[in-house]
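Below: one structure, written as structure tokens.
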Amino acid sequence: MREARNILTLIFLAIGISLFGQMKKANKLYDELRFIDAIEAYSKVLKKDDKNAEALRKIADCYRVTKQYEQAELFYSKAFENDDFTPKYHMYFGQVLKNNGKVSEARKQFELASQKDPNSFLAKLLIQSCDNINTWKKESPLYEVSKTENINSEVADFSPTTHPDGLVFVTEREKDYINDVQYGWTNKPFLTVYIAEYQNEEKTSFDKPKRFSNKIDSRYHDGPVTFNPDCTEIYFTRVERTASSKKEVSNLKIYKATYKKKKLTKFEPFEYNGKDYSVAHPCVSDDGNYFFFASDMPGGQGGMDLYMCEKTENGWGEPKNLGSGTNSPGNELFPYHKKGKLYFSSDGLPGYGGLDIFVTEKKDNYNAPKNLRDPLNSRYDDFGITMTDDTHGFFSSNRDGGQGDDDIYAFTKLPEKEKEKTTVKGVFEYEGLGASGVNLNLLDENDAIVASTKTNEKGEFSFESLNIDENYMIVVNENDIPAEAKMFITNKEGKKVMEVNRFRNDAFKFEALSSDEIEQMPIIEEKDESLLTISVYGQIYDQLPGDYSGGMDVYVVNDKGIIIGTAKTDKDGKFVFEKLPPDEQYLFKLAEEKDLNIIILDENGEVVDSPKRKGKGYFVYTRLSGDDVVLTLINEEDVVIKIKEDENFIISNIYYDYNSAEIKESAAKELDKLVLILKKNTHIGVELSSHTDSRGGDEFNLSLSQKRAEKAVQYIVGKGIEIERMKGVGYGETKLVNKCSNGVECTEEEHGKNRRTEFKVYKVK
């Protein structure tokens with residue numbers, strides 16, 4: 001037996017040594033960027049150990065960088081089952097999912113990355129890219145895309161550049177048969193520069209492509225290329241391998257050559273090439289004054305950034321990074337400049353997946369790039385754009401349906417449709433009240449002021465003739481804007497339907513929607529108050545109660561100075577605040593700083609207290625005193641509060657249909673809150689009092705209200721509360737909360753406020 005165990009130990013040891021060796025070989029290929037060979041090596045490891053977390057992650061990486069996204073998704077999924085991903089790998093996995101068209105699943109991975117690394121700007125950008133895709137689906141396409149004839153091959157053809165004679169592009173169609181040298185990343189031939197000459201004046205058909213120049217061909221990759229405006233100079237990217245302290249390193253560098261009579265002479269390296277970083281993808285602006293390129297030189301935003309040099313008497317000036325307005329934590333590549341607009345591709349800005357093509361226009365700087373959307377962009381790599389005129393051009397993509405890997409496609413810019421117009425109405429509030437007389441400026445997506453207005457006495461405003469589905473920003477022209485200030489979009493009836501996103505202290509951003517879309521949006525419900533709220537009754541007077549009439553606004557202010565309740569005095573100076581939180585102290589503020597008095601009343605109009613004066617127009621009311629019988633309990637929000645025993649509290653939204661005692665769905669929701677309070681506070685009981693409106697006979701209403709109270713009690717008891725802790729009393733129409741008594745004309749909404757249920761809390765043990 002001992003010999004058998006020893007033999008097994010040796011076998012397992014041999015397997016372990018073999019696995020270690022295979023993993024070491026795979027990692028070496030991975031580090032050398034020989035991803036196709038690395039895939040084969042990791043596959044051998046996984047045959048012996050299918051749960052090897054490192055092998056699963058790295059084979060997924062290999063499939064991802066070689067753009068085999070379905071296989072990458074498979075192995076990231078397996079790795080995810082057996083390993084706790086870092087934020088980086090959540091983003092890798094999410095990018096692959098997005099490339100495979102699984103946007104919602106991708107968003108979850110980006111959210112996980114953001115949760116694990118809240119400071120990750122890239123994770124937030126990727127989340128935004130997922131959100132944008134659905135928005136873009138609603139927008140009209142900007143371009144029409146078609147295949148090109150006689151250019152593409154079964155391998156990669158990409159990054160076209162216009163030339164007087166034809167379309168110059170990069171291809172991997174030429175194999176080095178003499179040296180049998182291939183690119184280890186993909187095991188495909190190295191890149192070479194080709195030209196497809198025009199067959200017609202429209203520059204839409206081409207002769208069979210041929211090598212552009214033998215002199216531009218090196219041992220490794222060459223291209224893409226660009227020409228100066230008069231086509232006397234050519235700039236191109238070349239891969240060069242240099243020795244570092246430990247190993248050979250591949251860097252991208254830009255070279256320049258004189259181009260005359262289809263011959264290249266005077267080859268020179270770009271003066272800002274680097275030994276320890278790459279400089280690639282040259283572009284000379286169409287006016288010849290600027291030179292753009294991509295580089296991962298130190299000091300950038302992330303991966304490859306875009307840089308610009310300005311033309312001087314001595315050549316190109318010092319490179320300037322285009323900044324965070326254009327560059328992202330990802331990669332910005334393949335710049336192209338025409339008529340003041342800079343086109344480029346990025347995998348770090350919000351897009352469909354892989355590389356997307358963007359455009360930006362210089363003001364003070366190149367900022368706010370716009371995604372050119374589907375069909376120019378796709379969930380694959382879309383890049384290397386060039387234009388033959390204002391409306392036609394070419395680009396490259398590895399999307400489905402092509403002839404090879406990367407293919408060159410033609411595009412035509414579609415005429416812009418006249419945009420549908422809409423009117424946007426809204427309200428601007430300070431401390432829950434409409435802010436009157438506030439100056440507002442409306443800015444478009446380019447930060448240009450398109451309209452100005454001023455809020456009315458209710459804080460309302462409107463802007464007319466806005467383009468539907470475009471983004472706008474409202475800037476508030478005030479020196480001091482409280483943090484509590486809010487802005488809402490309203491429907492035609494003035495009801496709030498959408499809160500406007502606060503972009504910065506003085507600016508709010510929104511998308512202009514059609515009138516139909518606005519009207520279909522649900523009305524914003526008022527904040528769901530706690531079940532335990534009270535009504536506070538009061539009266540303003542000068543010398544004697546009744547000698548000061550109505551029309552004055554009265555406010556309740558919390559300890560932060562924020563208005564939490566509003567009321568207006570009636571003809572006798574009386575007012576009522578409904579649904580106030582059961583705090584022990586309130587600060588009343590009069591709209592006019594007059595030397596007046598306030599008394600507090602009960603629901604029957606009897607005087608119960610006189611608030612203390614705190615400056616002209618301010619009064620402090622302490623609701624609970626040392627003499628009060630007080631109950632301490634926990635409400636449904638787990639907040640400890642103190643209330644007076646036998647004081648009326650309002651159950652929000654416990655309303656009934658006319659001539660009905662049935663518990664409505666909205667009422668059940670509020671009664672469930674009461675059930676929760678009763679379960680948390682076993683020492684209290686509740687008296688439920690139900691009420692009717694004034695319509696119908698007095699006796700009938702009394703009977704109906706009693707049925708309503710009993711129905712509410714039955715509901716609560718059915719939820720497990722002891723019947724001994726419940727009382728139900730009907731008051732009919734004897735305690736109306738408004739003017740709607742017999743013979744008074746009222747709206748259905750006003751009558752509905754009287755069809756209510758209130759409760760009192762009392763101590764049972």
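The values are calculated or read from the model by the stated rules, or taken from the named source; none is laboratory data. Source: prediction; values computed, not measured. FYI the Cβ positions are ideal-geometry reconstructions off the backbone, even for glycines, and counts take in every protein chain you see.
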### Message
Looking only at strands (runs of 3 or more DSSP E) that lie completely in the range 448-542, which have at least 2 residues being among the β-branched types (Val, Ile, Thr) and either in contact (Cβ under 8 Å) with a residue 24 or more places away in the chain or at negative phi (or both)?
### Response
449-454, 471-476, 486-490, 534-541
### Query
Take the residues of the range 128-173 that are at pLDDT 90 or above, of a type in the set (S, T, N, Q) and under 35 Å from the mean Cα position of the chain (by Cα): which is nearest to Val359 (Cα to Cα)?
Ser159
### Residues within the range 690-728 that are at pLDDT 85 or above, within 48 Å of the chain's Cα centre (by Cα) and of a type in the set (S, T, N, Q), tallied
1
### Query
Residues in the range 69-81: is at least one of a type in the set (D, E, K, R) and over 23 Å from Asp37 (Cβ atoms)?
yes
## Note on the structure
Residue pairs qualifying under the 7 Å Cβ cut-off, at least six apart or on distinct chains, with the first in the range 625-639 being surrounded by 12 or more Cβ atoms within 10 Å (Cβ to Cβ) and the second being small (Gly, Ala, Ser), are Asn635/Ser530; Glu636/Ser530; Glu637/Ser530
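Filter the range 382-405 down to the residues that are among the acidic types (Asp, Glu) and more than 24 Å from Ser285 (Cα to Cα) and list them by number. Lay out the reasoning, then the answer.
Kept after step one, since they are among the acidic types (Asp, Glu), are these residues of the range 382-405: 382, 389-390, 400, 405.
Answer for the range 382-405, where residues must be among the acidic types (Asp, Glu) and more than 24 Å from Ser285 (Cα to Cα): Asp400, Asp405.
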### Summary
Heads up, the strands (runs of 3 or more DSSP E) in the range 300-402 (entirely inside) with at least 2 residues that are hydroxyl-bearing (Ser, Thr, Tyr) are 305-312, 341-346, 392-397
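Residues of the range 735-752 being basic (Lys, Arg) and free of Cβ contacts under 8 Å to residues at least 24 places away in the same chain, which ones?
Matches in the range 735-752: Lys739 only.
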### Summary
Over the range 403-415, the set of residues farther than 16 Å from Glu149 by Cβ and in a strand (DSSP E or B) is Lys413
### Options Gly288, Gly330, Gly354; residue that is touching a residue at least 40 places away in the same chain (Cβ under 8 Å), in contact with an Asp or Glu (Cβ under 6 Å, 6 or more places away or on another chain) and within 27 Å of Thr391 (Cβ to Cβ)
Gly354
### Message
For the range 35-53: of the residues being in contact with a helix residue (DSSP H, G or I) (Cβ under 6 Å, 6 or more places away or on another chain) and touching a residue at least 40 places away in the same chain (Cβ under 8 Å), which is surrounded by the most Cβ atoms within 10 Å (Cβ to Cβ)?
### Response
Phe35
### Query
In this structure, does Glu606 turn out to be surrounded by fewer than 17 Cβ atoms within 10 Å (Cβ to Cβ) and within 30 Å of Lys763 (Cα to Cα)?
yes
